[in-house]
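The block underneath contains the structure these notes are about, expressed in structure tokens.
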Amino acid sequence: MKKIIFLFGAAGWLWGAHAASDAPASVSYTPTWQARHHLQWLADNAGLPLTVSHWPLPAAAVQQALDQVSLPAQADADSVKVSRDFVLKELEALRSRGRIQLHLRSESEGLAGYGENYTPGSSGQISTAEGRWTGDALSAAGRLGAKLEANANSMPANLPGAPHEARYQMRLQGSEAVVGWNGWNVQAFSRQNWWGPGWQSSMINGHNNPAWQGVGVQRGSVKASDSAWLSWMGPWNLDVFVAKAQDPIVVQNQPSGFLFSGARLTMKPQPWLELGLSRGLQTAGVGRPSGAGEFVKAFLGQQVNQNPGDPPDSSNQIAGYDLRASCPQSWGGCAVYTQWMGEDAAGKYPPLPYRFMKLYGFEKTYGAGQYRVFAEYANTLTTGYQAVGLFPGYTNGVYTQGYTQGGRWVGSAQGGGSEVTTLGWMDAQAQRQVKLHLGRVGLGVGAFAPTLNAPHGRMWGLSASQTLHWMGMTLTPELAYTHLAEGEDQGANKRTNLRVGLLMAVPF
């Protein structure tokens, strides 16, 4: 059984500390991989005062940070202008225009990384422009969105008596209602998150699973605090939410319909250093203790990893730390990053995560910021209970469907018990991306059904995409191949997966 205890003990303090922010309420913004590349380059080379390992951020907060970037006199002024203008154009399109997307794709599984569609099949999506209202003390913003997609669970378990899963599913992805007050946004939403510095994997909350439908609070800006006590943090953001999981029945007697609670604090105490603290909790669900009292126990890390005969566990938890450090300018545009997510802090004090899944990465830009290469290693094995042997992460004895949403891994798409290295190359100007994956998969790629012998074992994969612009449309053809050495084909998850797709997007 895997449990962790991790507290943001300073959360209330951060809430109470006033930090000047003139950013009104706005819809959330998760940049495309191209725009994220440009934002990262601006943060490393042009002093952009923004955390870039925490998405989404309020669109107004990103706009506010970009407004503080001035063109330098040196030779890289053109590169700064190109990067800034690219993101500003994307932000303006997000806020002022609606968008229709149609993604035609073969029904096969793959390793979804940052900004990639997790759906193992075709899908269509629509979102409106942002609506805004600003008053004296309050402000508000919102938009409507919906996504119709092929069943996200590529490995349906087909248990006797289990509810039938529809072939196509409708989600409210992209819908938001935001109220801004005193520098904070109170939100109701259907959205995805990317928490961490990685390009291929987020070890706690990534793009491999459907949007969370929940409510939460997020700081409305990423500015440094005016408080003398908090100014050392530099630019920072705090995001806390509670969502209802959409989890199909994949194993007998699973506690379906659980609540997922996420919290992330990101800060940039030095221009070259970004730090993040993240936490995720699974609580309640069918057959599990629920209510405000049980939630408080889980938040405080109480009643976890109980012995037989004790009251039931309050929750399953995962939490940890990440760091990204830029190289000295004399070394060229490079950086190193890492993310450690731990489980099972029972019997430890202070109650911090200590059985870590780990990610390590190195990235470098060249060609005046046009190109980025990265090498990223993610290990989702943890030490067993009482440090005996190794155990696949993202699994536990209480939430038997694992750390999933819609039947899909919430963390890294490679799933628990895996070791995968990804080599990536990006051309931001041509909007082209190529990735190579090598390693070993423990339980299954993309989705998880604990009773199935899913494709696993030694794996290698290759993916490529190219974005084109034609007659006001954005066209992105993609090709991905993944091969696994062991297991049996299960639904759209096969030992040999060939994925061919075309994403078409039209603004309106």
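Go through segment 457-481 and report how many residues are under 22 Å from the mean Cα position of the chain (by Cα), closer than 14 Å to His437 by Cβ and hydroxyl-bearing (Ser, Thr, Tyr).
1
Residues that are at pLDDT 90 or above and surrounded by 23 or more Cβ atoms within 10 Å (Cβ to Cβ): find the strands (runs of 3 or more DSSP E) completely inside segment 156-232 holding 1 or more of those.
Because the criterion is at least 1 residues that are at pLDDT 90 or above and surrounded by 23 or more Cβ atoms within 10 Å (Cβ to Cβ), the strands (runs of 3 or more DSSP E) in segment 156-232 that meet it are 176-181, 184-191, 212-219.
State which residue is surrounded by the fewest Cβ atoms within 10 Å (Cβ to Cβ) when the search covers only segment 417-439 and only residues that are free of Cβ contacts under 8 Å to residues at least 40 places away in the same chain and not in a strand (DSSP E or B).
Looking at residues that are free of Cβ contacts under 8 Å to residues at least 40 places away in the same chain and not in a strand (DSSP E or B), I get Ala430.
Name, by its number, the condition in (1) surrounded by fewer than 15 Cβ atoms within 10 Å (Cβ to Cβ); (2) touching an Asp or Glu at 6+ places or on another chain (Cβ under 9 Å); (3) not in a strand (DSSP E or B) that does not hold for Val445.
(1)
Which ones in segment 271-287 are in a loop (DSSP other than H, G, I, E, B) and out of contact with any Cys (no Cβ under 9 Å at 6 or more places or on another chain)? Full working, then the answer.
Quick first cut of segment 271-287, residues in a loop (DSSP other than H, G, I, E, B) only: 271-272, 284-287.
Pro271, Ala284, Gly285, Val286, Gly287 - these are the residues of segment 271-287 that are in a loop (DSSP other than H, G, I, E, B) and out of contact with any Cys (no Cβ under 9 Å at 6 or more places or on another chain).
Look through Lys89, Lys81 and report the one residue that is charged (D, E, K, R) and either modelled with pLDDT under 95 or surrounded by 21 or more Cβ atoms within 10 Å (Cβ to Cβ) (or both).
Lys81
Just checking, how many residues over segment 140-155 are part of a loop (DSSP other than H, G, I, E, B) and either crowded, with 21+ Cβ neighbours inside 10 Å or small (Gly, Ala, Ser) (or both)? Working first, answer last.
Within segment 140-155, the first condition is being part of a loop (DSSP other than H, G, I, E, B), and the residues that meet it are 144, 151-155.
Now drop any that are not either crowded, with 21+ Cβ neighbours inside 10 Å or small (Gly, Ala, Ser) (or both), which leaves 151-155.
The qualifying residues number 5.
How many of the residues in segment 80-105 are in contact with a Gly (Cβ under 7 Å, 6 or more places away or on another chain) and either part of a loop (DSSP other than H, G, I, E, B) or under 26 Å from Asn237 (Cβ atoms) (or both)?
Looking only at that region, the number is 1.
Could you check how many residues of segment 313-338 are modelled with pLDDT of 90 or more, under 17 Å from the mean Cα position of the chain (by Cα) and of a type outside the set (A, V, I, L, M, F, W, C)?
The qualifying residues number 6.
The values are calculated or read from the model by the stated rules, or taken from the named source; none is laboratory data. Quantities reported herein were computed from a predicted structural model and do not represent experimental measurements. FYI the Cβ positions are ideal-geometry reconstructions off the backbone, even for glycines, and counts take in every protein chain you see.
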